[in-house]
Amino acid sequence: LLPALVDMLGKPNIYLSCLMPESYNRHYVHTGSNLNTLMAKTHAYVHGQLIGQAEQQPLGIVIDNFGGEKKIHQHCEPLGLPVTLATQAESRFVAVAAASCLARHTFVERVRKLSQQWGMVLPLGAG
């Protein structure tokens, strides 16, 4: 499924950013230990990279509303595109659904590699 999704979207239209634990901790402290700020900055960074490499200029930015509305606008508006926040955006916007699939795959693969590296099974969630 993932290779088909990547082929359909085209590699220039995909940008993945995965903060490994050490980098995540450093960025988290740098944002004043505010998860919404970290997520807003990361969304803005990824969208900025996409705008720079996409085959076509995007018409706007759609983000699943995670609760940091003010911070999202603060960090994404300088990119010069309209920003749409939506609850359960993955069920309303195919781009968000595709990004969610790519993000989940990347997360699972990184956890799998860390588990191998450390010789232990790392849980995928808080449960």
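Values quoted throughout were computed directly from the atomic coordinates according to the rules given, and no laboratory measurement underlies them. Predicted model only: the values in this text are computed from it and were never measured. A quick note on method: Cβ atoms are made from the backbone with ideal geometry, for glycine too, and the neighbour counts reach across all protein chains shown.
Give the Debye-formula value of log10 I(q)/I(0) at each listed q (0.13, 0.15 Å⁻¹), with one equal scatterer per alpha carbon of the chain, two decimals each.
-0.61, -0.81
Determine the sum of side-chain charges near M120: Lys and Arg each +1, Asp and Glu each -1, restricted to other residues whose C-beta is under 14 angstrom from that of M120.
Working: positive: R112, K113; negative: none.
Local net charge: +2.
What is the sum of charges, Lys and Arg at +1 and Asp and Glu at -1, for the other residues whose Cβ falls under 11 Å from the Cβ of V83? Present the calculation step by step, with values, prior to reporting the outcome.
Values: positive: none; negative: E69, E77.
After counting each charged neighbour, the total is -2.
Using +1 at the Cβ of each Lys and Arg and -1 at the Cβ of each Asp and Glu in the chain, identify which of H73, H47, S23 lies farthest towards the dipole's positive end.
Toward the positive end, the furthest listed residue is S23.
For T84, enumerate residues with amide H under 5 Å from its amide H, sequence gap 5+ or separate chain, H modeled in the peptide plane.
I61, V62, I63
Compare the Cα positions of N36, I63, F93 along the charge dipole of the chain (+1 at Cβ of Lys, Arg; -1 at Cβ of Asp, Glu; about the Cα centre) and return the one farthest towards the positive end.
Going by the charge dipole, the pick is N36.
What does the convex hull of the Cα atoms of the range 1-69 come to per residue, in Å³, rounded to a whole number?
On the way: hull volume 7.9 nm³, N = 69.
Normalising the Cα hull of the range 1-69 by residue number yields 114 Å³.
Dipole size in debye (nearest 20) for the range 1-107 around its Cα centre, Lys and Arg Cβ +1, Asp and Glu Cβ -1? Walk me through the numbers on the way to the answer.
Details: 7 positive and 7 negative charges, 39 e Å.
Result for the range 1-107 is approximately 180 debye, rounded to the nearest 20.
Could you rank the peptides 116-124, 38-46, 78-86, 58-66 by their average count of other C-beta atoms within 10 Å per residue, with the highest value first? Write out the running numbers ahead of the final one.
Values: 116-124: 9.6, 38-46: 19.1, 78-86: 14.1, 58-66: 16.3.
My ranking of the peptides, most packed first, is 38-46, 58-66, 78-86, 116-124.
Per-residue ellipticity at 222 nm for the chain, helices alone: DSSP H runs ≥ 4 residues times -39500 (n - 2.57), over residue total, nearest 500 deg cm²/dmol?
Working: 5 runs with 70 residues, N = 127.
Mean residue ellipticity at 222 nm (helix-derived): -18000 deg cm²/dmol.
What are the membrane-span-like helices in the chain by this rule: whole DSSP H runs, Cα extent along the axis at least 30 Å, mean Kyte-Doolittle hydropathy at least -1.0? Mind showing how you got there, number by number?
Values: long enough: 94-118 (36 Å, 0.18).
Membrane-span-like by this criterion, though nothing is claimed about a membrane: 94-118.
Please give the charge dipole size of the range 51-121, origin at the Cα centre, charges +1 on K and R Cβ atoms and -1 on D and E Cβ atoms. Round to the nearest 20 debye. Walk me through the numbers before you get to the answer.
Numbers: 7 positive and 6 negative charges, 61 e Å.
Using Cβ point charges on Lys, Arg, Asp and Glu, the range 51-121 gives about 300 debye.
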